[in-house]
Every structure is written in C-alpha cells, then in structure tokens.
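The values are calculated or read from the model by the stated rules, or taken from the named source; none is laboratory data. Keep in mind that what you see is a predicted model, and the values were worked out from it rather than measured. We place every Cβ from the backbone using ideal geometry, glycine too, and count neighbours over all the protein chains shown. When the accessible area is computed, the model is the full protein with side chains, heavy atoms only, and any ligands, DNA or RNA have been set aside. Shrake-Rupley method; radii C 1.70, N 1.55, O 1.52, S 1.80 Å.
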Amino acid sequence: LVNKRPGLVVHADETEKVNTLINHIQAYLYQKREWNPRWENAFTPALCNRIDRNTGGIVICAKNAESLRVLNQKVKDRELEKLYLCVTVGIPKEKSARLTAYHQKDEATKTVRVSDKKFEGSRTMITSYRVLAENKADDLALLEVDLVTGRTHQIRAHLAHIGYPLLGDGKYGINKVNRAYNVKTQALYSYKLTFKFTTDAGILEYLNGKSFQVKNVWFCEKFFGYKL
C-alpha cells in the first residue's frame with residue numbers, strides 16, 4: 001500500500017510519462033532487489049486501484065501475479081472498504097446520509113453529468129457520508145465518505161450536485177472560494193482501507209480484517225484542528 005501525494009499521476013498520460021506513481025513503485029522494488037524486469041518471466045508490479053492526480057491517499061499495488069488476480073476480484077466484488085476524507089464548502093444540513101443519483105461520464109470534457117433522475121446512458125451512483133467536524137466561521141465541513149459504487153469523480157460530482165462542492169475543486173467547485181483559501185487541489189483524501197473478505201483470498205487471506213490508515217491528512221488540522 002502506498003500513500004500517494006496530491007499532484008502525482010498514477011499512470012503515464014498525455015501530460016506525464018516519467019514521474020508517475022507506478023514508475024516510483026517499480027524503481028523502489030528494483031532498488032530493494034524484489035523485482036527486476038530482466039528476470040525470466042518477471043511479473044511487472046501493477047496497480048489494483050487508482051485515484052485522480054489531485055486526490056491523495058492509499059493506492060494498492062500487486063507485487064506478483066497471484067496477488068493481482070485476487071485483489072482485482074476483491075475490488076470487483078466490493079470486499080474492500082475504502083473511506084475518504086474531504087472538505088465541503090458549506091456545511092450539510094444532514095449530518096449523515098446515503099445519497100443516490102445517476103451518473104454519466106463525458107469523455108470530451110473530462111467531466112461527469114449527475115442527475116436525480118435516470119437518463120439514457122446513465123449508471124446508478126451511491127455515496128454515503130458523515131460529518132466529522134465543522135468550521136462554522138469559514139462555512140466548511142469535514143466529511144468521511146464511503147463509496148458504495150465507484151464512478152469517475154464520484155465524490156466530487158455527487159457532493160457538488162447536492163450543493164456542497166469540495167474545497168479546491170477546479171471542475172465542480174467554486175473558484176472564487178478556492179482562490180480565497182489558496183487551495184489548488186481538491187481537498188479529498190483516500191485515508192483508510194479495510195480488507196473485508198467474504199470469500200477465500202488465497203495467499204492474501206492474512207490481510208482479512210486488517211485496516212490501514214493514513215496518519216496525517218493535510219486539511220484536517222489546517223481547517224478544523226482535527227487529529228486522526
């Protein structure tokens with residue numbers, strides 16, 4: 001498990017080919033002599049999940065083929081619980097909720113469309129949240145979010161849709177507010193991962209029931225004096 005910093009892409013894209021998370025992981029394993037691309041039938045370490053460039057937090061990497069197979073299946077079957085922290089502009093009236101909406105990705109604009117009603121080409125999107133802390137002076141809230149489904153930009157788009165966009169979000173947020181706080185990346189962090197296997201996990205069974213958490217998330221103390 002690695003704690004990705006905001007601003008780093010997970011895989012090479014049109015903007016970055018070299019400075020990527022997977023390249024850093026492969027270099028680290030090479031230096032530790034745990035992996036070498038020249039070994040016969042060498043498996044190339046691969047990511048099992050991904051998060052946006054400007055989102056920070058836990059990313060899973062498989063170091064061998066069997067781990068990749070098991071983890072891909074567990075991710076697909078939702079046998080992992082991934083919790084996020086985020087800062088919303090505006091304090092939700094409901095202190096906890098399970099939200100349902102309909103989602104469609106727009107490849108041309110690299111954004112998503114969200115609606116309360118089903119529309120052609122849309123997929124169901126379910127997001128649960130609870131408010132952990134409030135900063136009434138600045139009208140900000142710290143939320144813990146559980147993704148029931150895993151859609152593109154789900155947390156950012158869903159919370160913006162109900163009127164509470166993320167601080168620092170340039171696509172779905174309020175740029176005037178982002179500039180006022182000088183926050184240039186969305187205040188969103190994948191901070192906690194728990195393995196909750198309901199079926200056999202083979203060589204990874206030892207992980208079942210274990211939970212891993214990032215100790216420091218940059219916006220918790222800065223805006224709320226909140227310690228994890």
Given the options 145, 214, 87, which has the most mean-square fluctuation in a GNM of the chain, springs set between C-alpha atoms less than 10 angstrom apart? 214
Among 28, 143, 51, which residue has its Cα furthest toward the positive end of the charge dipole of the chain, with +1 on Lys/Arg Cβ and -1 on Asp/Glu Cβ? 143
Between beta-carbons, use under 13 Å as the cut-off and find the net charge around residue 53, counting Lys and Arg +1, Asp and Glu -1. +2
Descending accessible area (1.4 Å probe), largest on the left, turns 81, 107, 120 into 120, 107, 81
Summarise the accessible area of the chain (1.4 Å probe, protein heavy atoms) by the percent that is carbon and sulfur. 47 percent
Ratio for segment 162-212, C-alpha Rg to 2.2 N^0.38 Å, reads 1.87
Expressed as a whole number of Å, what is the distance separating the alpha-carbon centroids of segment 172-228 and segment 115-157? 14 Å
With axes computed from alpha carbons, what is the tilt in degrees of helix 65-76 against the longest principal axis of the chain, rounded to the nearest 10 within 0 to 90? 20 degrees
Computed lengthening from residue 39 to residue 221, 0.36 nm per intervening residue step minus Cα-Cα distance: 60.9 nm
Using the heavy atoms of the protein chains and a 1.4 angstrom probe, tell me the accessible area per residue for the chain in square angstrom. 55 Å²
Once 119, 212, 195 are ranked on solvent-accessible area with the largest value leading and a 1.4 Å probe, the list reads 212, 119, 195
Using +1 at the C-beta of Lys and Arg and -1 at the C-beta of Asp and Glu, which of 100, 68, 207 has the Cα lying farthest in the positive direction of the dipole of the chain? 100
Do the alpha carbons of any pairs in 95/136; 192/227; 93/176 sit beyond 20 Å of each other, and which pairs? 93/176
When N is the residue count of the chain, what does its C-alpha Rg come to as a fraction of 2.2 N^0.38 Å? 1.07
For the table 76/117; 118/196; 110/215; 76/110; 4/210, the rows whose alpha-carbon distance is greater than 29 Å are 118/196; 110/215
